[in-house]
Amino acid sequence: MPGHDIVWHLGANTDIPGGNRVTDLDLKNCTIGTYNVLEAMRQLNMNILLFASSATVYGDAPGVALSESFGPLLPISLYGAGKLACEGLVSAYSHLFGIQAWMFRFANVVGGRMGHGVIFDFIHKLRQNPAELEILGDGKQEKPYFLVEDCIDGMFCAFRSSKSLYSVHNLGCESFSLVTRVAEIVVEEMGLSNVRFKYTGGQRGWPGDVPVVHFDVSEIKKLGWQAKHTSDEAVRIAARRLIQELP
């Protein structure tokens, strides 16, 4: 870190279900990792931080358009708990040591070069069996997806426009995609037909999965940013990129 002015802290565990099996994964990779970043910044007198948090800090709040002021925050996954703990540490370091921090609660960020996630998984499953696709849960999960370049653009917008010591921003889109619709888009982009969808059942895809996430992005829109694509459009673009990239 020495010699740099701004820290973009994007590092974290990205395997949310994996945190259920290895229960200190998010503690080490999210919480302690963030403490290490903050402590290094304190020792080096660095005072500008952009931090990637997550919508998972909100927990399970179906039917509510989640805003930055929503509370109490009660995550239902160890990943969400780890990210919420990170936000607490960033807030404390910001107020105690003068670190100016921008916190970004991401919706589902998608794009090329992904190594996990629902779009990636669907492509791999369909390449193994183009006649049938297993879908975790009931396929009715509703989540907002937005492109990685929109995500970066939103972070830059807030960084340039918001000057408070500590700020929290939802980043995502107001629209959402059902998991079954994600599957349909992937099937279309792969040029397949007559694919049978096989659901594992239940409202959640896995323990700790939040089945319904709707985002309120009115605050970041006031700063002049909004996602350039709908959730379904982002899924289609990301699927197209991954299909071209993956062997």
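For the chain, what's the relative contact order in percent, using C-alpha pairs closer than 8 Å and at least 6 residues apart? Could you put the intermediate results ahead of the total?
Working: 470 pairs, mean separation 60.8, N = 247.
Once divided by the residue count of the chain, the mean separation gives 25 percent.
Grab the alpha carbons of the range 1-118, take their convex hull, and tell me the volume per residue in Å³.
Values: hull volume 14.7 nm³, N = 118.
It comes to 124 Å³ per residue, whole-number rounded.
Got a sec? How would LEU38, LEU27 order by Cβ neighbour count within 10 Å, fewest to most?
Lowest count first: LEU27, LEU38.
What are the ³J(HN,Hα) couplings of the range 169-174, residue after residue, when phi is run through the Karplus curve with 6.51, -1.76, 1.60 and θ = phi - 60°? Round to Hz, x for glycine and proline.
Along the range 169-174, the couplings run 9, 6, 10, x, 10, 7 Hz.
With +1 on the Cβ of every Lys and Arg and -1 on the Cβ of every Asp and Glu, and nothing else charged, how large is the dipole of the range 7-245 about its Cα centre, in debye rounded to the nearest 20? Write out the running numbers ahead of the final one.
On the way: 22 positive and 25 negative charges, 54 e Å.
It comes to approximately 260 debye.
Got a sec? How would TRP8, TRP102 order by Cβ neighbour count within 10 Å, fewest to most? Numbers along the way, then the final one.
Numbers: TRP8 15, TRP102 19.
In order of increasing Cβ crowding within 10 Å: TRP8, TRP102.
In what sequence do THR23, THR31 fall when counting other Cβ within 10 Å, fewest first? It would help to have the intermediate numbers written out before the result.
Details: THR23 9, THR31 21.
Ascending Cβ contact count within 10 Å gives the list THR23, THR31.
Return the calculated 222 nm mean residue ellipticity for the chain, to the nearest 500 deg cm²/dmol, obtained by summing -39500 (n - 2.57) across DSSP H runs with n ≥ 4 and dividing by the residue count. If you can, show how the numbers build up before the last one.
Details: 8 runs with 92 residues, N = 247.
Calculated at 222 nm, the ellipticity per residue is -11500 deg cm²/dmol.
Tell me which residues come under 5 Å, amide H to amide H, from GLN100 once H is placed; ignore anything under 5 positions away on its chain.
Here the answer is ILE48, LEU49, since their amide H atoms fall under 5 Å of that of GLN100.
Which entries of LYS125/LYS221; LYS83/LYS228; LYS140/LYS163; LYS83/LYS140; LYS125/LYS222; LYS83/LYS222 have Cα-Cα distances beyond 30 Å here?
LYS125/LYS221; LYS140/LYS163; LYS125/LYS222
Please figure out what share of the DSSP beta bridges in the range 7-245 is antiparallel and state it in percent, rounded to the nearest 5. Write down the numbers at each step before the final one.
Values: 2 of 29 bridges.
Restricted to the range 7-245, the bridges split so that about 5 percent are antiparallel.
Extending each Cα 7 Å along its Cβ direction at ASN45 and SER67, get the distance between those two points in nm, one decimal.
Inter-label distance under the simple model: 4.1 nm.
Assuming R0 = 25 Å, can you tell me the calculated FRET efficiency for the pair GLU149 and ASP24, based on Cβ-Cβ distance, to the nearest 0.05?
On the way: r = 33 Å, r/R0 = 1.34.
After rounding, the FRET efficiency stands at 0.15.
Can you give the angle from 0 to 90° between the axis of helix 148-161 and the longest principal axis of the chain, with both taken from C-alpha atoms, to the nearest 10?
20
On a full-extension model of 0.36 nm per residue, what is the gain between ILE32 and LYS140, subtracting their alpha-carbon distance, rounded to one decimal in nm?
Details: separation 108, 0.36 × 108 = 38.88 nm, distance 3.48 nm.
Value of the extension gain: 35.4 nm.
How large is Rg/Rh for the range 7-245, to two decimals, with Cα atoms and a Kirkwood Rh? Could you put the intermediate results ahead of the total?
On the way: Rg = 18.2 Å, Rh = 18.5 Å.
Ratio value, two decimals: 0.98.
Every number here is computed from the coordinates shown, using simple stated rules; none is lab data. Computed from a predicted model, the values in this text were never measured in an experiment. Using ideal geometry, Cβ is built from the backbone for each residue, glycine included, and neighbour counts are taken over all protein chains shown.
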